[in-house]
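Colleague: Structure below; questions to follow.
Just so you know, all these numbers are worked out from the coordinates, no wet-lab data involved. Just so you know, these numbers come straight off a predicted model, no measurement behind them. In this analysis, Cβ positions are derived from the backbone assuming ideal geometry, glycine residues included, and neighbour counts consider all displayed protein chains.
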Amino acid sequence: MKGRLLHRLVISCTIAMMALPWNAAICLAAEKTLDTATIERFTGVKGELIEKEGVFKVSVPRSDLEIMVAGVKMTAALGLTSWAAFQKAGEQAMVMGDLVLEEAQVNPIMSVALENGLEVTALHNHFFWDTPKVMFMHIGGMGEDGKLAGAVGKVFAMIQETSGSTNQVPHVELSPAQTSLDPKAIEDILGVKGQLANGVYKVTIGRTTKMHGHDVGNAMGVNTWAAFAGSDERAIVDGDFSMFENEIQPVLRVLRGAEINIVAIHHHMIEESPRTVFLHYWGVGPTRALAMGLKAALDTQRP
């Protein structure tokens, strides 16, 4: 129905523009409205139009979750609702959203978002003392509204499909005291020498940004680091990735492609230039495979 009304309006506008030039602005505005029917169809969710801001928002309460926070039984109204908001941006549309996820859902959902053209812009907790733990993943994107809605719809469907899942947890029995991996294999792949101490082999790669007009670098915490423990056949790696804003999505895509789990995306500083975002990760697998995944992500960054 909405599509037919819009079609009639566009035809009327075309005729009106031929007669009166001042109608052009009104007609162009009509042509640039969001296709809300398509957004609802592709996301599978009924939305709400906030006319004052020209935003169409779809929301999915996580009523399937049974979360306790410090003794409080949480409901969707207390902050457990996934949502995506669409707004026209010139000839394209823009989407921003927040996804409420169980820990085991985070990385499968992130992969679906990235594979379908969405950006992942933050990953963090909103609560302390929550059982089971809940994480919040923020998404964004620019493009045709139907395509964006389709990507959001696939994300919403995956959330529903994986609700209550625990089979994604990369569990491994390992103690750093028994580490036997070969540090040289890591050095050869990453091209950086590290240090082995207490069963953990750690490499650090410094970067530089500016704060208050002064360079700040490795020693001030602007760095990417990786800590390995275990054997050549079965190891874990965890660490930090220091990224400039335009590097975030390539790094995420490569790390997820290497089956390395992302556990947080956030800021460590404010008012720095260029703006620097930090990603925390956890990977399980053969040492060489983990190192190669990190190397591929590093290669997406500028020197």
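Colleague: So, in the range 23-150, how many Lys pairs have Cα atoms under 18 Å apart, if the pair is 8 or more places apart or on different chains?
Modeller: 11
Colleague: Residue-wise, which Karplus ³J(HN,Hα) couplings in Hz belong to the range 123-135, taking 6.51 cos²θ - 1.76 cosθ + 1.60, θ = phi - 60°, and x for glycine or proline?
Modeller: Result, rounded to whole Hz: 8, 6, 9, 10, 10, 9, 6, 8, 9, x, 5, 10, 10.
Colleague: Within the range 100-173, which GluC sites (Glu not before Pro) sit in a loop by DSSP and count at most 13 neighbouring Cβ atoms inside 10 Å? Working shown, then result.
Modeller: Working: sites: E102, E103, E115, E119, E144, E161, E173; in loops: E144, E173.
The qualifying sites are E144, E173.
Colleague: Got a sec? How would D215, D232 order by Cβ neighbour count within 10 Å, fewest to most? All intermediate terms of the calculation are to be shown ahead of the outcome.
Modeller: Numbers: D215 10, D232 13.
In order of increasing Cβ crowding within 10 Å: D215, D232.
Colleague: Using Cα atoms only, what is the angle between the long axis of helix 287-298 and the major principal axis of the chain, expressed in degrees (0 to 90) to the nearest 10?
Modeller: 50 degrees
Colleague: On to the next question. Can you tell me the equivalent ellipsoid semi-axes for the range 215-303? Use √(5λ) from the Cα gyration tensor, largest first, whole Å.
Modeller: Details: eigenvalues 113, 36, 23 Å².
Taking √(5λ) for each eigenvalue gives 24, 13, 11 Å, largest first.
Colleague: Follow-up question, since we're still on this one. In whole Hz, with x marking every Gly and Pro, tabulate ³J(HN,Hα) for the range 115-120 from phi via Karplus 6.51 cos²θ - 1.76 cosθ + 1.60, θ = phi - 60°.
Modeller: 5, 9, x, 8, 9, 9
Colleague: How would you rank I236, I139, I270, going from fewest to most other Cβ atoms within 10 Å of each one's own Cβ? Can you show the working numbers first?
Modeller: Numbers: I236 19, I139 24, I270 7.
Fewest-to-most ranking of I236, I139, I270: I270, I236, I139.
Colleague: In a solvent-free Debye calculation with one equal scatterer on each Cα, what is log10 I(q)/I(0) for the range 44-88 at q = 0.31 Å⁻¹, listed in the order of the q values?
Modeller: -1.07
Colleague: Straight-line reach from K184: which aspartates and glutamates fall under 20 Å, measuring Cα to Cα and dropping same-chain residues less than 8 apart?
Modeller: By straight Cα distance, K184 reaches D232, E233, D238, D299.
Colleague: While we're looking at this one, here's another question. Label points 7 Å out from Cα along the Cβ direction at R41 and H138: separation in nm?
Modeller: 3.2 nm
Colleague: Let me ask another. What is the order of R234, R253, fewest Cβ neighbours within 10 Å to most? Mind dumping the intermediate values first?
Modeller: Working: R234 14, R253 18.
With the sparsest Cβ surroundings first, the list reads R234, R253.
Colleague: Normalised by the empirical 2.2 N^0.38 Å for globular proteins, what value does the Cα Rg of the chain take? Walk me through the numbers on the way to the answer.
Modeller: Working: Rg = 23.4 Å, N = 303, 2.2 N^0.38 = 19.3 Å.
Computed over Cα atoms of the chain, the ratio equals 1.21.
Colleague: Hey, with R₀ at 45 Å, roughly what FRET efficiency would S273 and K73 work out to, going by the Cβ-Cβ distance, to 0.05?
Modeller: On the way: r = 45 Å, r/R0 = 0.99.
Calculated value: 0.50.
Colleague: Using alpha carbon centroids, what distance separates the range 30-73 and the range 80-153, in Å?
Modeller: Here the two parts' Cα centres lie 12 Å apart.
Colleague: I'd like the Karplus ³J(HN,Hα) series for the range 205-218: coefficients 6.51, -1.76, 1.60, θ = phi - 60°, whole numbers in Hz, and an x wherever there's a Gly or Pro.
Modeller: Working through the residues one at a time gives 10, x, 10, 9, 9, 10, 9, 6, x, 10, 5, 10, x, 3 Hz.
Colleague: Right, another one. How big, in percent, is the set of alpha carbon pairs in the range 35-162 lying more than 24 Å apart? Kindly include the intermediate steps, with their values, before the conclusion.
Modeller: Details: 2160 of 8128 pairs.
Distances greater than 24 Å cover 27 percent of the Cα pairs.
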